[in-house]
Amino acid sequence: MEQKRKIRILIADDHQMFIDGLKSLLHPEKDIEVTAQALRGDDAYDIICKQNIDLLISDISMPGLTGIELTKKVKEKFPEVKVLVVSMYNDREIVSEILMAEADGYILKNTGRKELLNAIYKIADNNTYYSNEILSIMLEKIKKEKHTSEEVKHLSGREIEILKLIMQECSSEEIAEKLFISKSTVDSHRKNILEKTRVKTIVGLCKFAFRYNLAG
């Protein structure tokens, strides 16, 4: 029976104490191996260029390259490398920049071990992971936007209306009640929205809305 390969992780943070603490949290996990660490963003990028890394866990504020700059460079050159941003910042604009840099996930530094591991394993399994607090910030930003770009004219008026309600975390039943239509009609519109925007998740819809300044 073929042995499952460990998730090879690089931790990039400008505080050695945080790196040491994270390594201690991850050490008991048999499927995870911290193979490298870096105190600077540019050093982290050099490591990724030279070593086989599956997942980069990165802070935002670092010398050399910020976590956002590092994420962009990694995703452009090594799209197969997953990126989980772990930071104390929950500012709406920072969250937007991380999302648009194509990070696979973002959690706050006050997150517990259970959620950290959940994020790592989900991302390693080709999913995205944004904590509930970060998702709420993303949705709030979308709801505050005041105009719709020309780029989304392929969505019908009803689809945009439903997308806005999805961004407000409304269920299909709630949307049907608000718009006085059946749940099956809402589900049909949901399917069309996902097909037209070519995304699969709420995070994907958030990215779409950020990219085209879609009102919420």
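Read-outs: derived from the displayed coordinates by stated rules, not from any lab. None of the values given here were measured: they were computed from a predicted structure. Please note: Cβ atoms are built from the backbone with ideal geometry, for glycine as well, and neighbour counts cover all protein chains shown.
Taking 0.36 nm per residue of sequence separation and subtracting the Cα-Cα distance, how much length would be gained by fully extending the chain between Y121 and S171, in nm to one decimal?
Residue separation times 0.36 nm, minus the Cα-Cα distance, leaves 15.3 nm.
A cut-off under 12 angstrom between Cβ atoms defines the neighbours of L179, and their net charge, with Lys, Arg +1 and Asp, Glu -1, is -1. Shape verdict for the stretch 7-134, please, from the Cα gyration tensor: rounded (a/c under 1.5), prolate (a/b greater than b/c) or oblate. Verdict is rounded for the stretch 7-134. Measuring against 18 Å, Cα to Cα, the residue pairs K114/K207; K72/K164; K77/K196; K50/K75; K23/K73 contain K114/K207; K72/K164; K77/K196; K23/K73 as the ones spanning a longer distance. If you take the Cα centroid of the stretch 158-192 and the Cα centroid of the stretch 52-94, the two points sit 34 Å apart.
Taking the number of other C-beta atoms within 10 Å as the exposure measure, put F208, F78 in order starting with the fewest. Please report the intermediate quantities before stating the final value.
On the way: F208 21, F78 15.
By the 10 Å Cβ count, ascending, the order reads F78, F208.
Near L108, once Lys and Arg are set to +1 and Asp and Glu to -1 for all other residues with Cβ below 12 Å from its Cβ, the sum equals -3.
Computed packing ranks the peptides 10-16, 81-87 as 81-87, 10-16, most packed first, by mean other Cβ atoms within 10 Å.
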